[in-house]
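Colleague: Pasting a structure below so you can have a look.
The values are calculated or read from the model by the stated rules, or taken from the named source; none is laboratory data. Source: prediction; values computed, not measured. Cβ atoms come from the backbone with ideal geometry, glycine included; neighbour counts cover every protein chain shown. Note: areas computed on protein heavy atoms with side chains; ligands, DNA, RNA excluded. Shrake-Rupley method; radii C 1.70, N 1.55, O 1.52, S 1.80 Å.
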Amino acid sequence: MKADLIIIGGGIVGTTIARELSKYKLQVLLVEKEADIGFGSTKANTGIIHAGYDDIPGTIKANLCVRGNTLWPQIAAELGIPFIRTGSWVVACKDEEANTILKLKRRGIMNNVPGLQIIDDRKQLLMLEPNISNKVLLALYAPTAGIISPYEAAIALAENAYHNGVQIQLETEVKDILLEKNAIVGIRTNRGLIETNSVINAAGIYSDEISAMCGINHFSITPVRGEYFVLDKNLNGYVRHILFPVPTPVSKGIVVSKTVAGNLIIGPNANNVNEKTDLATTKPGLNEVFEGAQKLVPGLASKRGMVITIFAGLRAESSIGDFIIEAYDSPRGFINVAGIKSPGLTAAPAIAEKVIQLLKNMDSDLNEKKNYNPSRESIQRTIDSLSTNQSWTNMPKDPNYGHMICRCEHVSEGEIVEAIQRGANTFDGIKFRTRAGMGRCQGGFCTPHLIRILSRELDLKAKSITKHGRFSSIVPYEVKESLMEER
Amino acid sequence: MQNIDVAIIGGGAAGLSAAIEAKKTGAENVLVLERGEELGGILQQCIHTGFGLHYFKENLNGPEYISRFIKTVHELGIDYKLNTMVLQISPNKKLLAMNSVDGPLRLQAKAIVLAMGCREKPRGALAIPGTRPAGIFTAGTAQRLMDVEGYLVGKKIVILGSGDIGLIMARRFVMEGAKVEAVVELMPYPGGLHRNVVQCLEDFQIPLLLQHTITNIQGRDRLKRVTTAKVDKRFTPIPGTEKNIECDTLILSVGLIPENELSRGLGILIDTKTGGPFVDEHMETSERGLFACGNVVHVHDLVDHVTWSGEVAGKNAARVVLDTFPRYKERISLSAGRNVQYVVPQFISGKKPVNLSIRVKRPARRVEINIGNELAFHKPVVRPSEMVVLTLRENQIMEKTKLTVIVRKRR
């Protein structure tokens with residue numbers, strides 16, 4: 001196998017780069033070790049498009065965050081994914097926190113964040129956010145901040161890149177990068193060798209290990225775990241903005257925000273962990289998150305029963321402190337895109353631009369395609385066509401779109417089949433594309449149906465259907481199977 | 001827009017008895033809207049016995065019990081639609097439903113019966129820490145996978161919660177050759193019916209760990225291990241009591257929630273204690289002509305009572321259509337006092353006999369159940385898992401506006 005360029009990692013960074021590169025006459029291959037796009041850090045973060053006042057002026061992060069923020073609305077529109085400019089508040093409840101707010105505003109102005117405003121009228125604050133703590137003194141309002149679904153974004157970017165010619169290979173883990181005379185000649189994977197002269201490392205928390213394969217060792221990545229709660233959609237509107245506490249040196253703090261789907265999300269905390277696979281939530285961690293959120297929104301204390309799920313994600317914290325986006329003389333053809341923690345999601349489109357610049361500087365022949373198509377049709381949602389068009393004249397041809405499978409999120413069989421045709425091959429893959437199983441019953445009712453549909457569409461035995469690939473089989477046995485074997 | 005007399009949302013035990021009674025009472029055009037692929041609701045997956053002991057005075061399994069109602073539905077020529085999801089109901093009784101044959105369906109009903117049942121609490125509601133591997137199921141989902149679809153979800157099982165479905169599933173797993181390592185219960189007493197504890201756990205020597213919880217879940221792809229711990233009186237895990245149990249499956253049987261998303265959308269008043277609509281003795285909700293019955297009102301432990309509540313709702317929905325619905329001016333509110341979690345119905349007229357469903361908070365022996373100051377009923381034992389049903393006759397009701405129900409030790 002052969003490719004002009006290989007991107008390692010199918011997270012938000014890898015897929016944004018893939019889509020950007022799909023504009024050019026270049027044979028691009030994206031390899032991802034998990035069973036689907038966005039199954040790493042991308043699936044487990046807050047989904048915030050930051051305004052850009054947090055990062056120290058002059059850093060790569062600061063520049064790319066503000067730039068990324070301006071790029072997302074158009075990308076989201078092209079990809080047919082929701083992006084909501086809710087605006088964000090950094091909320092000060094103590095006098096000493098007020099100084100930090102002023103400092104953040106100055107920082108934001110230096111970073112060219114538009115529209116920053118300090119609201120110090122408590123009445124107004126409580127009117128705009130009725131459920132916020134009545135201890136609130138003032139807030140830094142950033143109108144450009146918004147929310148997005150990070151996994152939907154990565155999947156949509158990958159789909160669009162694919163339609164523009166990028167090859168995608170899942171369950172493909174890079175074992176080594178092959179070098180000859182200070183230049184890349186290929187990669188070795190669990191599926192064999194692939195020849196190439198260019199590699200972009202977008203491997204997230206594993207990016208230090210990939211970099212080391214090229215002898216580039218000047219940084220390491222520490223996984224920093226963040227834990228979250230997701231609450232019932234009945235709390236849609238409970239907060240109107242993304243609410244941040246005053247940040248600490250370690251993180252932006254525990255956020256209370258709505259998601260694009262209308263749930264309430266609370267999190268994350270920040271704890272270093274030893275293992276890059278340690279995605280476990282912990283009792284103290286979860287308590288820390290809920291208590292942190294209650295400081296901003298005290299009424300949450302009575303909403304614990306409305307939690308529908310908990311999860312944890314890992315940030316790729318680099319020893320450098322800033323994003324690492326660089327090409328090298330040795331080996332030639334290698335680009336690191338590493339240490340992309342928050343605001344990585346926001347910055348992703350700007351990171352992709354920077355990568356293109358690096359490639360151009362490396363005298364690669366980047367010729368634009370004429371037939372590049374930036375737009376992607378999203379999956380046709382039955383429930384949306386009902387609410388926007390009361391007569392539903394655009395009744396889909398396939399009657400499956402009238403058969404509701406997920407009761408909580410109102411997802412039809414047609415949507416699920418479409419997700420599978422677009423590449424979903426696991427339970428989580430369907431979840432991230434359609435929201436089936438993401439509602440208040442968390443798959444209680446639709447799990448048997450999803451197994452049946454996946455098994456039918458993929459022509460696989462039910463026991464081969466997994467939650468998220470590898471050995472995550474959902475129904476490993478058939479009833480009376482062991483009796484049959486004994487006979 | 002199709003006009004119907006009585007629209008019944010849900011074709012399970014509650015909905016079918018409501019439909020039958022509505023038809024028998026004289027409503028001509030009764031339509032059952034069922035989201036599943038067959039009538040019968042959750043009973044179709046309950047292949048164990050214990051159903052109908054009160055209603056039919058027979059010991060039936062779930063499909064046997066519900067098939068009798070399905071047969072009557074057919075005999076009476078009651079209309080139903082399967083695979084049909086009701087998306088919206090408005091207070092003026094317009095419904096929007098959807099299926100693959102009709103597409104979007106717009107209906108105008110004269111009366112509506114809500115019979116959507118309940119759903120299981122997921123892991124998130126308890127916020128059990130740990131990883132998120134495959135192999136964690138709510139009991140009802142595992143039951144459906146096993147007894148309808150024919151899949152065994154695992155071979156080394158731990159069950160959290162001793163609710164009835166959890167207990168029933170413990171026995172089913174053993175029968176299918178799986179090993180149930182333990183049933184873990186937070187409370188000092190089991191959550192399910194006494195008869196189920198005996199027949200499903202004790203008879204199969206399955207350990208029941210009372211006052212225990214699960215403090216951690218491990219495994220990346222498939223579940224590998226859970227950690228149990230003893231809890232103190234405030235339900236906090238006691239350090240040092242943690243034990244790891246190797247298992248491939250965790251079954252959650254930690255509670256049911258009445259499924260009232262449609263009711264909320266309608267704006268009818270919901271009782272936070274039951275999780276279901278406030279109802280009166282006719283099973284009418286806070287909106288006129290809108291009735292509710294079965295587990296959508298409160299979670300029942302016996303289907304027989306679900307059937308009865310469906311009959312009341314169906315009969316009165318038909319009376320609304322026929323214009324014979326008795327509306328009383330009198331309205332006595334019933335409220336839960338000492339050791340009472342809830343009482344249903346929450347409102348009565350006092351003009352006719354009514355069955356009260358009372359759920360206690362804590363188990364107790366030799367108790368007196370007081371309804372207001374005048375009335376006392378004696379019970380040798382009460383348990384939270386076993387609903388107390390009392391019949392209140394009209395001549396027993398003295399108070400005019402408010403009655404408090406309390407359960408206390410007999411003096």
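Colleague: Filtering segment A:451-463 down to residues that are open to solvent by less than 60 Å² (accessible area, probe 1.4 Å) and within 12 Å of another protein chain (Cβ to nearest Cβ), which residue is nearest to A:S412 (Cα to Cα)? Break it down stepwise before answering.
Modeller: Taking segment A:451-463 first, the residues open to solvent by less than 60 Å² (accessible area, probe 1.4 Å) are A:451, A:453-455, A:458, A:462.
Now restrict to residues that are within 12 Å of another protein chain (Cβ to nearest Cβ): A:451, A:455, A:462.
Working: A:I451: 15, A:S455: 17, A:A462: 20 Å.
Only one residue tops the list, namely A:I451.
Colleague: Right, another one. Scan A:T281, A:T196, A:T248, A:T259 and give me the residue that is in the same structural domain as A:M127 (by TED's automatic domain parsing) and more than 30 Å from A:R435 (Cα to Cα). Quick ask: steps written out before the conclusion?
Modeller: Details: A:T281 fails: more than 30 Å from A:R435 (Cα to Cα); A:T196 fails: in the same structural domain as A:M127 (by TED's automatic domain parsing); A:T259 fails: more than 30 Å from A:R435 (Cα to Cα).
After ruling out the rest, the residue left standing is A:T248.
Colleague: From A:I155, A:I168, A:I177, A:I148, which residue is crowded, with 21+ Cβ neighbours inside 10 Å, more than 22 Å from the chain's Cα centre (by Cα) and either of a type outside the set (S, T, Y) or modelled with pLDDT under 95 (or both)?
Modeller: Answer to the check: A:I177.
Colleague: If we keep just the residues of segment A:280-295 that are in contact with an Asp or Glu (Cβ under 9 Å, 6 or more places away or on another chain) and either open to solvent by 70 Å² or more (accessible area, probe 1.4 Å) or more than 7 Å from every other protein chain (Cβ to nearest Cβ) (or both), which is nearest to B:A134 (Cα to Cα)?
Modeller: A:G285
Colleague: What do you reckon, is B:M85 over 17 Å from the mean Cα position of the chain (by Cα), in the same structural domain as B:G289 (by TED's automatic domain parsing) and buried (at least 18 other Cβ atoms within 10 Å of the Cβ)? So that I can check it myself, show each step before the final result.
Modeller: On the way: over 17 Å from the mean Cα position of the chain (by Cα): yes; in the same structural domain as B:G289 (by TED's automatic domain parsing): yes; buried (at least 18 other Cβ atoms within 10 Å of the Cβ): yes.
Spelling it out, B:M85 is indeed over 17 Å from the mean Cα position of the chain (by Cα), in the same structural domain as B:G289 (by TED's automatic domain parsing) and buried (at least 18 other Cβ atoms within 10 Å of the Cβ).
Colleague: Still on this structure: If you scan segment B:190-238, which residues turn out to be in a loop (DSSP other than H, G, I, E, B), among the basic types (K, R) and within 14 Å of another protein chain (Cβ to nearest Cβ)?
Modeller: Scanning segment B:190-238 gives B:R220, B:K224.
Colleague: Determine whether segment B:384-396 contains at least one residue that is surrounded by fewer than 18 Cβ atoms within 10 Å (Cβ to Cβ), of a type in the set (S, T, Y) and in contact with a Pro (Cβ under 8 Å, 6 or more places away or on another chain).
Modeller: There is at least one residue in segment B:384-396 that is surrounded by fewer than 18 Cβ atoms within 10 Å (Cβ to Cβ), of a type in the set (S, T, Y) and in contact with a Pro (Cβ under 8 Å, 6 or more places away or on another chain).
Colleague: Select from segment A:253-262 the residues that are modelled with pLDDT of 95 or more and either open to solvent by less than 10 Å² (accessible area, probe 1.4 Å) or more than 19 Å from A:K303 (Cβ to Cβ) (or both) and list them in ascending order.
Modeller: Within segment A:253-262, the subset modelled with pLDDT of 95 or more is A:254-262.
Answer for segment A:253-262, where residues must be modelled with pLDDT of 95 or more and either open to solvent by less than 10 Å² (accessible area, probe 1.4 Å) or more than 19 Å from A:K303 (Cβ to Cβ) (or both): A:V255, A:V256, A:S257, A:V260, A:G262.
Colleague: Within segment B:47-94, how many residues are touching a residue at least 40 places away in the same chain (Cβ under 8 Å), part of a strand (DSSP E or B), at negative phi and more than 14 Å from chain A (Cβ to nearest Cβ)?
Modeller: The qualifying residues number 4.
Colleague: Would you mind stating whether A:V66 is within 16 Å of A:E159 (Cα to Cα) and crowded, with 21+ Cβ neighbours inside 10 Å? Walk me through it before giving the result.
Modeller: Details: within 16 Å of A:E159 (Cα to Cα): no; crowded, with 21+ Cβ neighbours inside 10 Å: yes.
No: the conditions fail for A:V66.
Colleague: Then there's this: Pull out all pairs, ordered by first then second residue, where Cβ-Cβ is under 7 Å, the residues are six or more apart or on different chains, the first lies in segment B:371-386 and is assigned by TED's automatic domain parsing to the domain that holds B:T401 and at pLDDT below 90, and the second is surrounded by fewer than 17 Cβ atoms within 10 Å (Cβ to Cβ) and assigned to a loop (DSSP other than H, G, I, E, B).
Modeller: B:G372/B:M398; B:G372/B:E399; B:E374/B:M398
Colleague: Considering only segment B:100-126, state which residues are facing another protein chain (nearest Cβ under 7 Å), open to solvent by 10 Å² or more (accessible area, probe 1.4 Å) and at positive phi.
Modeller: Within segment B:100-126, no residue meets the criteria.
Colleague: While we're looking at this one, here's another question. Go through B:A97, B:A142 for me and flag whichever is more than 7 Å from chain A (Cβ to nearest Cβ), open to solvent by less than 10 Å² (accessible area, probe 1.4 Å), part of a strand (DSSP E or B) and not acidic (D, E). Steps first, answer last, please.
Modeller: Working: B:A142 fails: part of a strand (DSSP E or B).
It is B:A97.
Colleague: Something else: When you look at B:V180, is it over 24 Å from A:K461 (Cα atoms) and either modelled with pLDDT of 95 or more or open to solvent by 50 Å² or more (accessible area, probe 1.4 Å) (or both), yes or no?
Modeller: Working: over 24 Å from A:K461 (Cα atoms): yes; either modelled with pLDDT of 95 or more or open to solvent by 50 Å² or more (accessible area, probe 1.4 Å) (or both): yes.
Yes; evaluated as a whole, the condition is true for this residue.
Colleague: Looking at A:I49 and the list (1) open to solvent by less than 20 Å² (accessible area, probe 1.4 Å); (2) out of contact with any Gly (no Cβ under 7 Å at 6 or more places or on another chain), which single condition is not satisfied?
Modeller: Here A:I49 clears every test but (2).
Colleague: Still on this structure, please answer the following. On the basis of being outside any helix (DSSP H, G or I) and more than 21 Å from B:Q88 (Cβ to Cβ), does A:A436 make the cut?
Modeller: Details: outside any helix (DSSP H, G or I): yes; more than 21 Å from B:Q88 (Cβ to Cβ): no.
No; evaluated as a whole, the condition is false for this residue.
Colleague: Same structure again: Which of the strands (runs of 3 or more DSSP E) found entirely inside segment B:276-344 contain at least 2 residues meeting this: outside the structural domain of B:S17 (by TED's automatic domain parsing), touching a strand residue (DSSP E or B) at 6+ places or on another chain (Cβ under 6 Å) and open to solvent by less than 30 Å² (accessible area, probe 1.4 Å)?
Modeller: By residue number, B:332-336, B:340-344.
Each row is one residue, and each column tells you yes or no for (1) open to solvent by 30 Å² or more (accessible area, probe 1.4 Å); (2) more than 22 Å from B:I257 (Cα to Cα).
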| residue | (1), (2) |
| --- | --- |
| A:L264 | no, no |
| A:V273 | no, yes |
| A:D278 | yes, yes |
| A:K303 | yes, no |
| A:I310 | no, no |
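Colleague: For A:G305, work out the one condition from (1) at pLDDT 95 or above; (2) over 21 Å from A:G10 (Cβ atoms); (3) within 14 Å of chain B (Cβ to nearest Cβ) it doesn't fulfil.
Modeller: The one condition A:G305 does not meet is (1).
Colleague: Kindly list, by first and then second residue, each pair from a residue in segment A:386-413 that is facing chain B (nearest Cβ under 9 Å) and closer than 20 Å to A:G439 by Cα to a residue that is open to solvent by less than 40 Å² (accessible area, probe 1.4 Å) and at pLDDT below 70, limited to pairs with Cβ atoms under 7 Å and residues at least 6 apart or on different chains.
Modeller: That search, which allows pairs on different chains as well, returns A:L386/A:W392.
Here is a yes/no grid of residues against (1) within 23 Å of A:N201 (Cβ to Cβ); (2) of a type in the set (D, E); (3) touching a Lys or Arg at 6+ places or on another chain (Cβ under 7 Å); (4) part of a helix (DSSP H, G or I):
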{"position": "A:N134", "(1), (2), (3), (4)": "no, no, no, no"}
{"position": "A:A139", "(1), (2), (3), (4)": "no, no, no, no"}
{"position": "A:I155", "(1), (2), (3), (4)": "yes, no, yes, yes"}
{"position": "A:E159", "(1), (2), (3), (4)": "yes, yes, yes, yes"}
{"position": "A:I168", "(1), (2), (3), (4)": "yes, no, no, no"}
{"position": "A:K175", "(1), (2), (3), (4)": "yes, no, yes, no"}
{"position": "A:L179", "(1), (2), (3), (4)": "yes, no, no, no"}
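Colleague: Got a sec? Which of B:A142, B:A182 is aliphatic (A, V, I, L, M) and in contact with a helix residue (DSSP H, G or I) (Cβ under 8 Å, 6 or more places away or on another chain)? Spell out how you get there, then give the answer.
Modeller: Values: B:A182 fails: in contact with a helix residue (DSSP H, G or I) (Cβ under 8 Å, 6 or more places away or on another chain).
Being aliphatic (A, V, I, L, M) and in contact with a helix residue (DSSP H, G or I) (Cβ under 8 Å, 6 or more places away or on another chain) holds for just one of B:A142, B:A182, which is B:A142.
Colleague: Here is a follow-up. Looking at A:E96, A:E34, which one is without any contact (Cβ under 8 Å) to a residue 60 or more places away in the chain, among the acidic types (D, E) and either assigned to a loop (DSSP other than H, G, I, E, B) or not assigned by TED's automatic domain parsing to the domain that holds A:R435 (or both)?
Modeller: On the way: A:E34 fails: without any contact (Cβ under 8 Å) to a residue 60 or more places away in the chain.
Only one candidate qualifies: A:E96.
Colleague: Ok, one more. So, of the residues in segment A:308-330 that are more than 14 Å from chain B (Cβ to nearest Cβ) and touching a helix residue (DSSP H, G or I) at 6+ places or on another chain (Cβ under 6 Å), which turns out to be nearest to A:N361 (Cα to Cα)? Steps first, answer last, please.
Modeller: From segment A:308-330, those more than 14 Å from chain B (Cβ to nearest Cβ) are A:315-330; that's our starting set.
Those left that are additionally touching a helix residue (DSSP H, G or I) at 6+ places or on another chain (Cβ under 6 Å): A:316, A:322-323, A:325, A:327.
On the way: A:A316: 27, A:D322: 22, A:F323: 19, A:I325: 13, A:A327: 9 Å.
Only one residue tops the list, namely A:A327.
Colleague: Just one of (1) touching a helix residue (DSSP H, G or I) at 6+ places or on another chain (Cβ under 8 Å); (2) surrounded by 22 or more Cβ atoms within 10 Å (Cβ to Cβ) trips up B:C247, so point out which.
Modeller: (1)
Colleague: When you check B:V198 against the structure, is it among the β-branched types (V, I, T), without any contact (Cβ under 8 Å) to a residue 40 or more places away in the chain and open to solvent by 30 Å² or more (accessible area, probe 1.4 Å), yes or no? I'd like the intermediate steps shown before the answer.
Modeller: Values: among the β-branched types (V, I, T): yes; without any contact (Cβ under 8 Å) to a residue 40 or more places away in the chain: yes; open to solvent by 30 Å² or more (accessible area, probe 1.4 Å): yes.
Taking the combined requirement at face value, the residue satisfies it.
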